[in-house]
Every structure is written in structure tokens, then in C-alpha cells.
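Heads up: the structure comes next, in C-alpha cells.
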Amino acid sequence: MNASSLLLRFPPYQFLKTTKKSSLNSFCSRFLLGSTFPYGRQANLLHPRFSRQMMISSKGLKTGLYCPATVDQQMQELSAKEQRLLDKLYNGLIHGHRACLAEAITLIESTHSRKKEIAQVLLQKVLSYHREQEQLNKGKPLAFRVGLSGPPGAGKSTFIECFGKMLTERGHRVSVLAVDPSSSTSGGSLLGDKTRMTELSRDMNAYIRPSPTRGTLGGVTRTTNEVILLCEGGGYDIVLVETVGVGQSEFAVADMVDMFVLLLPPAGGDELQGIKRGIIEMADLVAVTKADGDLVVPARRIQAEYISALKLLRKRSKIWSPKVMRISARTGEGISDMWDKMTEFRELMLASGELITKRRRQQKVWMWNVIQENVLDHFRSHLAVRDQIPLLEEKVVSGILSPGLAADLLLNAFKGRS
């Protein structure tokens with residue numbers, strides 16, 4: 001088995017233990033000196049950006065420490081025009097210019113290979129600035145990240161507008177990242193969140209950014225985590241991430257926010273059966289929306305049901321028990337109390353150190369999510385696999401081959417040519 005196949009099949013430590021010295025030297029000479037890396041990137045793009053190199057000798061791998069070079073060294077690799085663009089975006093971003101933030105997010109979301117590289121340099125600059133600001137803030141996070149989810153019709157957009165206006169009136173700067181579902185047929189998105197949040201979208205202390213899912217990660221775009229970082233660098237101290245509905249996207253959002261809030265309508269049939277257990281377990285706060293008028297009584301009943309249900313679920317935190325509240329975005333009832341509960345949650349988590357630990361774990365999870373997506377993209381575009389995929393798909397659909405056998409054939413073809 002060759003070294004590149006091992007790298008794709010085993011973790012790095014397993015790869016190093018399993019690979020013979022001759023195979024390792026062959027791997028390094030083939031991939032570290034400019035040819036295509038197994039994950040689809042050119043190794044020579046990475047090579048000058050590390051302050052310590054991978055050293056190969058008769059004893060094999062001496063060090064595997066990859067420390068990114070300074071931002072200044074990365075900037076030197078860019079053209080003069082690209083450097084001017086980055087300087088403009090970075091300076092505008094840290095001074096709170098919304099136009100520069102919007103342009104920076106567009107750069108981050110680009111699928112163009114060169115723009116993705118420029119975007120990573122911008123992210124490194126913002127990350128360095130972000131780290132400096134956190135040190136000045138005695139190591140405490142600069143922003144509070146909140147994930148909002150719920151079934152369609154729960155009133156998420158109405159709540160965000162009411163909640164966001166209250167926060168901006170109290171002196172906060174609010175960023176709303178609304179993940180918009182893409183059509184599986186046309187690939188298009190409505191991106192209609194700004195039309196549903198008319199007042200908040202005109203507020204100069206709020207920024208609303210709808211993003212198309214493009215079918216990735218069950219509703220959360222793969223760049224959402226990076227966009228959160230840009231918003232925090234732009235001075236927004238509260239970041240709200242709204243997801244498509246109830247499904248896989250919630251699990252992805254929970255891995256990038258400090259607090260996960262589940263919004264539920266008061267009349268949805270068999271409520272406890274309608275929501276996945278795993279999503280309820282992730283919720284730090286459950287809010288029953290539209291608790292006004294004729295829906296007050298159903299809202300109270302559902303609140304009581306969820307309070308009972310949450311007692312039976314395993315606690316995720318040692319110091320916080322999920323709360324269930326009734327709110328009404330139309331009348332404003334419960335909105336201020338909900339913010340008080342969220343503030344209490346943040347202070348408790350900060351004091352115990354759970355919030356910092358959670359954020360560090362989230363960064364690692366997100367790194368592996370991106371790796372999985374990139375490896376899958378590389379697999380689909382591989383020369384040995386690309387032409388075979390439609391043929392084998394047709395055989396699977398017609399019943400000639402089982403899905404497992406077809407997958408094995410594609411994997412063997414990929415490993416044979418890697």
C-alpha cells in the first residue's frame with residue numbers, strides 16, 4: 001500500500017507507524033516538493049508558510065510540528081493588487097465598516113481557488129487581531145455566539161427582529177447569520193431574511209447576512225464559522241446564527257455557538273414526538289413562541305410538557321440546567337427575561353471555564369468537518385473515479401450492483417491511482 005493511500009485511510013500517527021522508511025521518503029519527495037497533495041492542494045502553497053519544516057533522515061520523521069509563518073510572510077506571496085485589497089478589507093473591517101465586512105464575507109464564501117487562499121490570509125490577520133483584543137479583555141471572549149433553531153413557522157425571524165432591536169437599543173452590536181436553504185433542483189436560494197426583518201436591517205448597529213446552504217452540512221454553510229470570526233473582528237459583540245429548521249443543521253450549529261436556543265410554536269400537534277430527542281438534548285434554552293392571545297393556554301401546556309421532558313434527559317453541563325420560557329415577539333412579553341437568562345448562562349459558563357473549553361473543542365470539530373468535505377470533493381474529482389461515478393450510480397439504481405459493492409469499486413479505483 002502506498003503512502004498517500006495510508007494517509008487517507010489512517011490518522012497521522014497510524015500513518016507514520018505503518019509506513020516504511022522507503023515509502024515515507026517516496027511520499028515526501030513526491031508530495032512535499034510541489035506536486036499535488038492527496039487532499040487536493042498544492043504542497044508548494046503551504047511549504048513557505050511554515051516556520052519549521054518536516055525533516056526526513058535515516059531515522060524517518062524527526063518533527064511533525066507545523067507552525068504557520070507570520071502574516072507578513074503570507075502577505076509577501078500576494079500580488080500588489082491583492083495586498084491592497086486585503087489591507088482595505090482588514091482596515092475597514094476592524095473599524096466597523098459594514099461594506100468591508102460584506103465584501104470580506106463574500107471573499108470567504110467564494111469557491112474560486114485563488115480567492116480562497118487570499119481569504120485564508122485575511123482570516124489569519126483577523127485572527128491575530130482577535131487574539132490581541134481577547135488578551136486586552138483579560139482572556140474573555142469578545143462576543144456571545146447564540147444558535148437559534150426551530151421548525152418552520154416557529155417565528156424565528158420575527159423573534160430575531162424583536163430581540164435584535166432590544167439589544168441594539170441597549171448598546172449592543174448584533175450580527176445575524178441567517179442560513180437560507182438552497183433548492184436541490186435549481187441550486188438557488190430566496191435569501192429573504194432581510195425582507196422579513198425590515199426594521200432590524202435598517203439599524204446601523206445590526207448586520208444581517210443571509211447565506212445559501214449550497215447543500216452543505218445539512219443547512220449550515222461550511223464558511224459559517226469563519227464568518228462568525230469576521231463579524232467578531234468587525235466589533236459585533238452578539239452573533240445570532242439562525243438555521244433552516246429542525247434537522248442535521250442543528251448539530252453543526254451547536255458545534256460553533258456558545259448557547260443553543262430552540263424556538264417552538266405553541267400548537268404543533270404531538271410536540272414531544274415531533275422534535276428529535278438529540279436536538280432537545282442540545283438545547284440550553286427552550287422558548288415557546290407566540291404566547292399571546294388565544295395561544296397563551298397552549299403555550300403554558302407545552303412549557304409544562306417540556307419542563308417535564310427535560311428532567312428526564314442527561315445534562316450536558318454540570319452547572320446549567322436547560323430552562324423553558326414563554327415569549328411573544330408581537331407583544332414583547334418575555335423577551336427581556338429571555339436575555340437575562342442568556343446573560344446568566346454566559347456568566348456561569350465563563351466563571352466555570354466551560355465556555356473556553358467548549359470553544360476549543362468546537363474549533364477541532366470544525367477542522368475535521370472541513371477536512372471531510374475536502375476529501376470528499378477530492379474523491380469526486382479524482383481522475384480514476386470521476387468518469388466511473390455516473391456508470392456505477394446507474395448500475396446501483398437499476399439493481400445490478402449493491403450500493404456497498406459499488407462503493408468498494410470506487411474506493412479501490414481511487415486507492416489504486418492515488
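The values are calculated or read from the model by the stated rules, or taken from the named source; none is laboratory data. The shown structure was predicted, so the numbers you read here are calculated from the model rather than taken from an experiment. We place every Cβ from the backbone using ideal geometry, glycine too, and count neighbours over all the protein chains shown. Keep in mind that these areas ignore ligands, DNA and RNA; they rest on the heavy atoms of the full protein, side chains included. Shrake-Rupley method; radii C 1.70, N 1.55, O 1.52, S 1.80 Å.
Looking only at segment 364-386, filter to residues that are loosely packed, with under 12 Cβ neighbours inside 10 Å and in contact (Cβ under 8 Å) with a residue 24 or more places away in the chain; which one of those is nearest to ALA291 (Cα to Cα)?
Among them, the one singled out is ILE371.
Can you tell me which residue within segment 137-166, out of those that are modelled with pLDDT under 90 and in a helix (DSSP H, G or I), is surrounded by the most Cβ atoms within 10 Å (Cβ to Cβ)?
LYS156
What are the residues in segment 359-418 that are of a type in the set (Val, Ile, Thr), assigned to a helix (DSSP H, G or I) and farther than 30 Å from ARG145 by Cβ, if any?
Step one: list which residues in segment 359-418 are of a type in the set (Val, Ile, Thr), which gives 365, 370-371, 375, 385, 389, 396-397, 400.
Still in the running and assigned to a helix (DSSP H, G or I): 365, 370-371, 375, 385, 389, 396-397.
Matches in segment 359-418: VAL385, ILE389, VAL396, VAL397.
Output the number of residues of segment 204-216 satisfying the condition of being open to solvent by less than 40 Å² (accessible area, probe 1.4 Å) and either in a helix (DSSP H, G or I) or modelled with pLDDT of 90 or more (or both).
So the answer is 3.
Within segment 329-355, which residues are in a helix (DSSP H, G or I) and surrounded by fewer than 14 Cβ atoms within 10 Å (Cβ to Cβ)? Outline the logic, then answer.
Filtering segment 329-355 down to residues in a helix (DSSP H, G or I) leaves 335-352, 354-355.
Correct list: SER336, ASP337, ASP340, THR343, GLU344, GLU347, ALA351.
Checking the condition part of a loop (DSSP other than H, G, I, E, B), closer than 23 Å to MET325 by Cα, modelled with pLDDT of 85 or more and within 16 Å of the chain's Cα centre (by Cα), which residue from VAL257, VAL241 passes?
Answer to the check: VAL257.
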